[in-house]
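Structure record follows, encoded as structure tokens.
The values are calculated or read from the model by the stated rules, or taken from the named source; none is laboratory data. As the structure is a prediction and not an experimental result, all values here were calculated from the model. Note that we place each Cβ from the backbone using ideal geometry, even for glycine, and neighbour counts take in every protein chain shown.
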Amino acid sequence: MTTLSSSASFTIADAAAQAASATLTVLPAVAAPSGFGRLIHPTLGTFDYQVKPDEWVNVDGDAIIAPVWSSTRTLGGAANALWSGYLRDVVCEERWNAAGGLAMPASQLRMLIAVWSNPVDPANGYVLWYPNYATAVGFKVIPVDLTCGGKGIALDWMANLENLIDHPVVLQLRLVDRA
């Protein structure tokens, strides 16, 4: 970790001398599509993925928003309506397929579990998601589901002894807004 510091003095009329300090966390910029992905939880902090997903759903350059179609029966047949979708209708997925037997380090899965199992009160903010492996756009999201091994979180001896997850992992995120 590198520490940067700066100081300055200036006079404001006849005011008494005061000292102030601030701590800032500076994160490296990751240009898409060269990153592995990043989640920022308001309480847990920033997590940069160690392994990027093998597949992602509903994001490529920006959110992929499907149009909304509706149909209802009428006396003469049907009435159809089609309109543009809305960002809040989009659920994105990140999938680590365990190709070759390994999906991710167990430490990455444990961080995903922490983010998913510690929901944020929308009145206090959202989890920020930066899928910088596919886009430079970030999103405010709600983590809605996480599975490892198909249903629930299945772990085995490799998670504890080898720090490796050998089951497919899927994280579902509902988009709320752009970050």
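Structure notes:
- Members of segment 79-88 that are in contact (Cβ under 8 Å) with a residue 24 or more places away in the chain and surrounded by 14 or more Cβ atoms within 10 Å (Cβ to Cβ): Leu87
- Taking the criterion of being of a type outside the set (A, V, I, L, M, F, W, C) and loosely packed, with under 10 Cβ neighbours inside 10 Å, the residues of segment 66-78 that qualify are Pro67, Ser70, Thr72, Arg73, Thr74, Gly76, Gly77.
- Only residues that are farther than 23 Å from Lys140 by Cβ, without any contact (Cβ under 8 Å) to a residue 24 or more places away in the chain and not polar (S, T, N, Q) were counted across segment 46-78, and they come to 6.
- A search for C-beta distances below 7 Å between a residue of segment 15-28 that is under 21 Å from Gly45 (Cα atoms) and any residue that is surrounded by 10 or more Cβ atoms within 10 Å (Cβ to Cβ) and modelled with pLDDT of 70 or more, counting only pairs 6+ apart in sequence or on different chains, returns Leu27/Thr46.
- At least 3 residues being within 20 Å of Trp116 (Cβ to Cβ), modelled with pLDDT of 90 or more and not small (Gly, Ala, Ser) is the threshold, and among the strands (runs of 3 or more DSSP E) wholly inside segment 1-91 those reaching it are 38-41, 45-48, 55-57.
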